[in-house]
Amino acid sequence: MTGELDLRTPMPQSEEYYQALKMRHVPTVLLRFSGEYHGTGSKPTNFMRTQLYMMSWFQKYGGTPAPAATSGSN
């Protein structure tokens, strides 16, 4: 996920990283957010898309959830 106006990680750098992952056969997707900078929450719709995509990613690749903490444990 990257904003097309990102000054910290310019789009060409994001695209190179994406291509390197693809060449190594790592499951990957490059999501571009128009009108966004480094974060993707300037627009409520982009924030929602980010959250939904991350939830979907963790459901697919996240593995087994950690056990719930019990009360009183550190």
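Hey, among the residues in the range 22-37 that are outside any loop (DSSP other than H, G, I, E, B) and loosely packed, with under 14 Cβ neighbours inside 10 Å, which one's farthest from the chain's Cα centre (by Cα)?
Here is the first cut: in the range 22-37, the residues outside any loop (DSSP other than H, G, I, E, B) are 22-23, 32-33.
Add one more test, that the residue is loosely packed, with under 14 Cβ neighbours inside 10 Å, and what stays is 22-23.
Working: Lys22: 16, Met23: 19 Å.
Among those residues, the one meeting the criterion is Met23.
Out of Thr40, Thr9, which single residue is assigned to a loop (DSSP other than H, G, I, E, B), without any contact (Cβ under 8 Å) to a residue 40 or more places away in the chain and in contact with a strand residue (DSSP E or B) (Cβ under 6 Å, 6 or more places away or on another chain)?
Within the list Thr40, Thr9, the selection yields Thr40.
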Pull up the range 1-20, narrow it to residues that are surrounded by 14 or more Cβ atoms within 10 Å (Cβ to Cβ) and among the aliphatic types (A, V, I, L, M), then point me to the one that is nearest to the chain's Cα centre (by Cα).
Met1
Those residues of the range 43-74 which are assigned to a loop (DSSP other than H, G, I, E, B) and not polar (S, T, N, Q), in sequence order:
Lys43, Gly62, Gly63, Pro65, Ala66, Pro67, Ala68, Ala69, Gly72
If we keep only residues of the range 51-74 that are modelled with pLDDT of 90 or more and hydroxyl-bearing (Ser, Thr, Tyr), then the residue surrounded by the most Cβ atoms within 10 Å (Cβ to Cβ) is Tyr53
Please identify the pairs in which a residue from the range 17-34 that is closer than 18 Å to Trp57 by Cβ has its Cβ atom under 8 Å from the Cβ atom of a residue that is exposed (fewer than 12 other Cβ atoms within 10 Å of the Cβ) and hydroxyl-bearing (Ser, Thr, Tyr), counting only partners at least 6 apart or on another chain.
Pro27/Tyr61
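The values are calculated or read from the model by the stated rules, or taken from the named source; none is laboratory data. What you see is a predicted model; the values in this text were computed from it and never measured. Backbone-built Cβ (ideal geometry, glycine too); neighbour counts: all protein chains shown.
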